[in-house]
Amino acid sequence: MSEDLFEGVKGEDAGDPSVAYGDSTTGNTPRISSFDKLYIVLISLHGLIRGENMELGRDSDTGGQVKYVVELAKALSSCPGVYRVDLLTRQILAPNFDRGYGEPDEMLASTSFKNFKCERGENSGAHIIRIPFGPKDKHLAKENIWPFIQEFVDGALAHIVRMSKTIGKETGSVCPVWPAVIHGHYSSAGVAAALLSGALNVPMVFTGHFLGKDKLEGLLKQGRQTREQINVTYKIMRRIEAEELSLDASEIVIASTRQEIEEQWNLYDGFEVMLARKLRALVKRGAHCYGRYMPRMVIIPPGVEFGQLIHDFDIYGDEDNPSPASEDPSIWFEIMRFFTNPRKPMILAIARPYAEKNIATLVKAFGECHPLRELANLTLIMGNREAISKMNKVSAAVLTSVLTLIDEYDLYGQVAYPKHHKHSEVPDIYRLAARTKGAFVNVAYFEQFGVTLIEAAMHGLPVIATKHGAPVEIHQVLENGLLVDPHDQHAIADALYKMLSEKQFWSRCRDNGLKNIHQFSWPEHCKNYLSRILTLGPRHPAFACKEDQKVPVKCRKHIFVIAVDSVNKEDLIQIIRNSVEATRTGTMSGSTGFVLSTSLTIAELQSVIVRTGMLPTDFDAFICNSGSDIYYPSQSSDVPSNSRVTFALDHNYRSHIEYRWGGEGLRKYLVKWASSVVERRGRTEKQIIFEDSEHSSTYCLAFRVVNPNHLPPLKELQKLMRIQSLRCHALYNHGATRLSVIPIHASRSQALRYLSIRWGIELPDAVVIVGETGDSDYEELFGGLHKTVILKGGFNTPANRIHTVRRYPLQDVVALDSSNIIGIEGFSTGDIRSAMQQLGIPTQ
């Protein structure tokens with residue numbers, strides 16, 4: 001870290017709570033009512049998501065996050081100034097799943113807030129938009145979604161562009177109404193949000209929900225699996241890298257507690273509490289940050305949909321007596337049939353059967369405390385199940401251990417564990433526990449959100465909760481229970497006994513919860529959320545509303561992108577010729593366009609084109625410098641000639657990728673770092689990386705490598721950049737003889753997405769031709785809706801270990817068995833033509 005970065009930053013500034021994580025509310029916060037036509041995009045990719053009768057607990061992915069994102073979408077759409085909210089998720093057409101999960105568009109009933117009114121149009125409100133990606137006939141667990149994320153991104157991009165134009169027309173706007181923010185929920189959605197944010201140049205927000213590094217540390221402490229086994233089961237390294245990328249790309253990261261920031265996010269390379277404070281202090285003073293950036297960490301407690309539930313209590317906190325004619329809910333009978341004495345106070349736990357939910361320790365605490373067993377019953381709502389044998393292994397193991405403990409302690413008649421319940425019946429379950437003057441318990445090892453604690457308080461239930469995570473700060477607001485160490489079963493039992501045996505204490509906790517619960521309402525949550533969103537600087541696609549520029553790429557039916565890095569120049573020249581000859585024949589000639597995508601500079605590319613015997617105008621665009629520049633060729637006279645061709649730089653694309661670019665501060669740091677990378681021979685040291693100004697550009701810092709065998713692995717350089725809060729992509733290319741550092745949103749795959757948005761290219765009609773190996777961004781070119789042709793054969797240079805950025809297998813990135821990807825041996829005209837025919841693209 002440069003010593004001059006924090007010169008004079010000490011004392012009050014560095015520790016000022018208002019600048020601690022960038023969550024400052026000082027200054028003029030825009031009034032929500034002064035804005036209108038906001039379009040907000042939420043992304044949550046896993047689980048079974050629908051607006052009504054949510055199947056919470058049906059599988060390990062359908063839990064609190066599903067409920068949270070659906071209610072958030074409803075609540076935001078009811079706020080003044082918010083025109084539309086889209087919740088993007090995966091379309092599921094698999095058998096044994098409700099047809100509703102296959103509906104492309106489901107409109108959600110908005111939450112009714114007092115005094116919240118806004119004008120509505122045909123396309124306004126909250127919608128669940130289901131994007132098809134991955135195997136059509138298969139439901140995917142969250143661990144298996146990773147290879148298909150780019151496919152989702154391309155589908156989501158098409159929807160957002162179409163909807164932005166529709167909203168613009170519907171609201172009388174001259175231009176499309178682009179999303180005010182794209183908000184990813186969980187790590188997989190974080191990757192998707194980062195790619196969409198970069199392609200559209202709109203702000204990104206991220207909520208982690210349950211972070212990978214914290215989960216990894218917890219699993220390692222349990223000692224049941226090795227790091228390798230954990231990675232195979234949970235794809236944990238892919239998940240952690242996704243969270244690092246989300247830190248790189250996000251303007252705001254929403255956490256539910258300060259503990260989440262200081263103890264969980266602080267584990268990541270891309271975030272450090274003290275550095276965040278110092279950078280924010282510099283920003284506050286208007287000082288230079290030398291190219292370093294940190295996302296704003298914002299604490300917003302989760303919201304809860306109240307409805308009429310609080311009104312079930314009178315001003316003294318007593319539940320209103322139901323009318324004599326009313327019938328008890330059927331779920332009450334399902335629970336009470338387990339009990340010998342159903343009149344005893346009920347201890348209620350609602351949690352899916354996961355090891356981290358710590359249900360077994362709760363059962364042990366109850367089973368070994370005889371005074372507690374005499375005083376109360378225990379109800380365990382552990383999702384829905386048909387048979388344990390049909391559950392996934394993790395959930396089945398937890399449930400089996402719980403049932404074994406019930407048998408071991410002979411708790412029959414004292415513990416209820418119903419197999420089924422509906423989401424709509426959960427409020428009735430809380431009411432039953434409150435009717436018996438019971439308590440709610442959540443002793444998870446770590447609780448990220450704690451929505452169930454808020455729901456319990458809303459129904460008049462005191463709580464016993466873990467002291468790790470969100471419950472700490474929820475308790476500070478509600479003061480409606482006790483916090484315990486989740487590892488100490490005796491402390492859990494003592495807290496439950498105190499709560500249920502001391503009636504005055506129980507009443508005080510219940511009353512406090514009901515009195516303070518309004519602070520967790522959805523209106524309060526949305527007010528805090530929107531006040532942060534509206535402080536973000538406006539970012540949107542930079543090109544004009546109506547493109548008047550005439551470029552050939554606008555008129556193409558098919559686009560062929562030649563992105564081969566793994567061959568010598570002679571073979572590359574022949575591949576370019578053969579690709580053009582194979583596809584530009586007969587009726588295809590006018591409807592087919594070509595794009596060269598490479599790490600070369602535009603000057604280097606010109607020399608390659610001259611050697612092909614072709615003209616630059618035979619190509620529609622050039623993606624250069626590893627995706628940090630786009631050029632369009634044009635002929636300055638009617639006589640075809642290389643000397644009369646000009647190259648127009650796409651300045652609008654540069655405005656898309658300049659986000660968080662470190663510029664001169666980054667360059668100075670890299671020069672200093674390069675001088676430290678040496679080859680050691682005995683006592684002598686020889687520098688092997690040197691700044692390469694000739695091949696650098698405004699958004700590509702190039703370095704020459706004289707001995708690739710002594711280069712550090714790329715993933716170590718990426719880690720170093722993140723530790724320094726330098727947000728960028730580092731790439732080895734040209735057989736690792738060159739290092740290129742480009743903006744975080746720049747890449748060859750993102751450049752193709754930009755071209756598709758700007759010029760109306762349908763990505764399923766694009767074909768990307770690659771070699772068998774390539775530059776270190778090579779793997780990014782596979783995923784998505786476009787077709788990919790891999791040229792295989794001995795002409796490819798071998799892959800180099802130092803190229804690898806990944807800390808996880810290739811199959812966690814790319815679905816190599818996709819029908820959109822084919823491999824061919826060789827690169828003759830006939831080979832390439834045959835590949836096009838296999839992909840269903842006409843060649844004659």
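The values are calculated or read from the model by the stated rules, or taken from the named source; none is laboratory data. Note that the structure is a prediction, hence the values are computed from the model and not measured. Cβ atoms come from the backbone with ideal geometry, glycine included; neighbour counts cover every protein chain shown. Ligands, DNA and RNA are excluded from the accessible area calculation, which covers all protein heavy atoms including side chains. Shrake-Rupley method; radii C 1.70, N 1.55, O 1.52, S 1.80 Å.
What's the ranking of 229-242, 591-604 by average number of surrounding C-beta atoms within 10 Å, highest first? Can you show the working numbers first?
On the way: 229-242: 19.4, 591-604: 21.1.
Taking the mean over residues of other Cβ atoms within 10 Å, the ranking is 591-604, 229-242.
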Legend entry - Listed residues C526, C175 arranged by accessible area, highest first, probe 1.4 Å: C175, C526
Legend entry - Crossing angle, helix 829-838 versus the chain [Cα axis fit, 0-90 degrees, rounded to tens]: 30
Legend entry - Dipole of the stretch 330-516, positive end: most advanced residue of V477, I381, P371 [Cβ charges, Cα centre]: I381
Legend entry - Computed magnitude of the charge dipole of the stretch 657-781 (debye, nearest 20; Cβ of K, R +1, Cβ of D, E -1): 680
Legend entry - Of all DSSP beta bridges in the chain, antiparallel share, percent nearest 5: 30
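Within the accessible area of the stretch 663-741, what % is carbon and sulfur when the probe is 1.4 Å and the other protein chains stay in place?
Values: 1700 of 3650 Å².
Summing carbon and sulfur atoms, their accessible area is 47 percent of the total for the stretch 663-741.
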Inset, instruction - Please give the per residue accessible area of the stretch 487-534, computed with a probe of 1.4 Å over protein heavy atoms only, in Å². - result: 45
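Checking the a/c ratio against 1.5 first, then a/b against b/c, what shape does the Cα gyration tensor give for the stretch 29-299?
oblate
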Legend entry - Rounded tilt (10° steps) of 393-408 against the dominant C-alpha axis of the chain: 20
Inset, instruction - Using a 1.4 Å probe over the heavy atoms of the protein chains, calculate the carbon and sulfur portion of the accessible area of the stretch 29-299 as a whole percent. - result: 50
Legend entry - Positive-end residue, the chain charge dipole about Cα centroid, Cβ charges, pick of M458, L362, V273: V273
Legend entry - Share of alpha-carbon pairs per 20 Å distance bin for the chain, given as whole %: 14, 44, 31, 10, 1
Inset, instruction - Please tell me the relative contact order of the chain in percent, rounded to the nearest whole number, where contacts are Cα pairs under 8 Å and at least six residues apart. - result: 12
Legend entry - Cβ charges +1 (Lys, Arg) and -1 (Asp, Glu), total dipole of the stretch 29-299, debye: 640
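After finding the eigenvalues of the alpha carbon gyration tensor for the stretch 663-741, what semi-axes result from the square roots of 5 times each, listed largest first in whole Å?
Ellipsoid half-lengths, sorted descending, are 20, 14, 12 Å.
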Legend entry - Within the accessible area of the stretch 330-516 (1.4 Å probe), percent carbon and sulfur: 52
Legend entry - Derived scalar couplings ³J(HN,Hα) [the stretch 224-234; Karplus, 6.51 cos²θ - 1.76 cosθ + 1.60; whole Hz; x for Gly, Pro]: 8, 9, 7, 4, 5, 5, 4, 5, 5, 6, 10
Inset, instruction - Determine the percent antiparallel among the DSSP beta bridges restricted to the stretch 434-586, to the nearest 5. - result: 0
Inset, instruction - Compare the peptides 425-437, 813-825 by average per-residue count of other Cβ atoms within 10 angstrom and give them in order, highest first. - result: 425-437, 813-825
Legend entry - Whole-Hz couplings from phi, Karplus 6.51/-1.76/1.60, listed for the stretch 720-735; x for Gly and Pro: 4, 4, 5, 4, 8, 6, 9, 8, 7, 10, 10, 9, 9, 9, 6, x
Inset, instruction - Work out the FRET efficiency for E52 and N800 from their Cβ-Cβ distance, taking R0 = 60 Å, and round it to the nearest 0.05. - result: 0.65
Inset, instruction - Just need the relative contact order of the stretch 346-477 here, percent rounded to a whole number, with Cα pairs under 8 Å and 6+ apart. - result: 29
Inset, instruction - Kindly identify the stretch 341-495 as rounded, prolate or oblate by the Cα gyration tensor criterion: order the square roots of the eigenvalues as a ≥ b ≥ c, call it rounded if a/c is under 1.5, otherwise compare a/b with b/c, prolate if a/b is larger, else oblate. - result: rounded
Legend entry - Helix axis angle, 569-583 relative to the chain longest principal axis, alpha carbon, degrees: 80
Inset, instruction - For the chain, give the magnitude of the charge dipole about the Cα centre (Cβ charges: +1 Lys/Arg, -1 Asp/Glu; no others), in debye to the nearest 20. - result: 880
Legend entry - Antiparallel %, DSSP beta bridges [both residues in the stretch 431-495], to 5: 0
Inset, instruction - Please grab the % of Cα pairs in the stretch 677-829 that end up more than 28 Å from each other. - result: 29
Inset, instruction - Go through 401-408, 651-658, 147-154 and give me the packing order, highest mean Cβ count within 10 Å leading. - result: 147-154, 651-658, 401-408
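Using only the Cα atoms, work out Rg/Rh for the stretch 43-133, with Rh taken as the Kirkwood radius, to two decimals.
In the stretch 43-133, Rg relative to Rh is 0.99.
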Legend entry - trypsin sites (Lys or Arg not before Pro) within the stretch 327-386: DSSP coil, no more than 16 neighbouring Cβ in 10 Å: R337, R343
Inset, instruction - Calculate for the chain the 222 nm mean residue ellipticity that helices alone would give, adding -39,500 (n - 2.57) per DSSP H run of length 4 or more and normalising by residue count, nearest 500 deg cm²/dmol. - result: -10500 deg cm²/dmol
Inset, instruction - State the answer as a single residue: which of H734, L666, Q718 lies farthest towards the positive end of the charge dipole of the stretch 663-741, with beta carbon charges of +1 for Lys and Arg and -1 for Asp and Glu, about the Cα centre. - result: Q718
Inset, instruction - Given a cut-off of 31 Å, name the pairs among K74/K142; K37/K235; K686/K715; K235/K672; K165/K235 whose C-alpha atoms lie farther apart than that in the structure shown. - result: K37/K235; K235/K672; K165/K235
